[in-house]
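Worksheet: one structure, shown below.
The values are calculated or read from the model by the stated rules, or taken from the named source; none is laboratory data. Every value quoted in this text rests on a predicted model; they were computed, and no experiment measured them. When we count neighbours, we look across all protein chains shown, and the Cβ atoms used for this are built from the backbone with ideal geometry, even at glycine.
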Amino acid sequence: MQKLAIAMASFALLFSAAAATAQEGIGEVSAQLTGQFTRDSNGFGYTQSATNSAGLLVGYRHKIFRWISAEGDYGFTRNTQRYFLSPTSGFPFPNLIGGPGLPQTRIQADVHQATGGLVFNLPFVKGMRPYLLAEGGALVFAPTRNSFATVAGTVRDGEGLFVYGGGVELPVIGSHLLARVEYRGLIYHAPDFGISSVNTTNVTHTAQPSVGLAYRF
């Protein structure tokens, strides 16, 4: 939990500092439907994968200067982490079930995402508002205790998170209601839920495309 505390403290300091320097500007609230597509992680004879899932991302954005805004986001999804033992690994894991190359462990979890950072507003392109973003924060993996996808001894797992990405906004009604299309790339340490035998020790990546609406005021 120390890693989670450090990540959350960094998130709070970053967003608070940005908000404190903000002069009069434009606020923006948003809600987006997301997809989660995670790259496999390999290490110590294991391959870890996560099921694809849908989720929700809500946020608040405040313009600091013409080209820079501060943003805070919260996201939620639910997926299942799966761990496969390589047929050539040679490592015995008696606490896990299944044969080599088959799913050894399945852990279903609620995934909470909390991030804050900066948005770089690019010049308008035929009415469209493109932007780039860079954020930091945390992912929290909370086991659901599903009887068909759980392992005894799992605990809530918090991981520090870096987010990069960009998107574009298009006016829907006047200049206040905007449609948003966005891509976020999430970089973090693959979760192990406190089970050391399935810790790949690797950093993994989740692609998070999304569409939604934003309201400016």
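Numerical summary
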item	result
Where A109 falls short, out of the listed (1) small (G, A, S); (2) surrounded by fewer than 17 Cβ atoms within 10 Å (Cβ to Cβ); (3) more than 27 Å from G27 (Cα to Cα)	(2)
Test set (1) over 25 Å from K63 (Cα atoms); (2) among the aliphatic types (A, V, I, L, M); (3) within 21 Å of the chain's Cα centre (by Cα) - V119 fails condition number	(1)
Number of positions in region 150-166 that are surrounded by fewer than 19 Cβ atoms within 10 Å (Cβ to Cβ) and more than 17 Å from N199 (Cα to Cα)	3
Strands (runs of 3 or more DSSP E) fully within region 36-80 counting 2 or more residues that are modelled with pLDDT of 95 or more	53-63
Hits in region 188-202 (condition: touching a strand residue (DSSP E or B) at 6+ places or on another chain (Cβ under 6 Å) and either exposed (fewer than 14 other Cβ atoms within 10 Å of the Cβ) or free of Cβ contacts under 8 Å to residues at least 12 places away in the same chain (or both))	T201
Meets criteria (touching a helix residue (DSSP H, G or I) at 6+ places or on another chain (Cβ under 8 Å) and part of a strand (DSSP E or B)) for G136	yes
Subset of region 83-106 (residues that are part of a strand (DSSP E or B) and either at pLDDT 90 or above or among the polar types (S, T, N, Q) (or both))	Q104, T105
Unique residue being without any contact (Cβ under 8 Å) to a residue 40 or more places away in the chain and closer than 21 Å to T34 by Cβ when the list is A114, A109, A134	A134
Answer from R184, R129 - the residue that is in contact with a Pro (Cβ under 9 Å, 6 or more places away or on another chain), buried (at least 20 other Cβ atoms within 10 Å of the Cβ) and not hydroxyl-bearing (S, T, Y)	R184
Residue within region 193-208 that is closer than 22 Å to G75 by Cβ, in contact with an Asp or Glu (Cβ under 7 Å, 6 or more places away or on another chain) and assigned to a strand (DSSP E or B) present	no
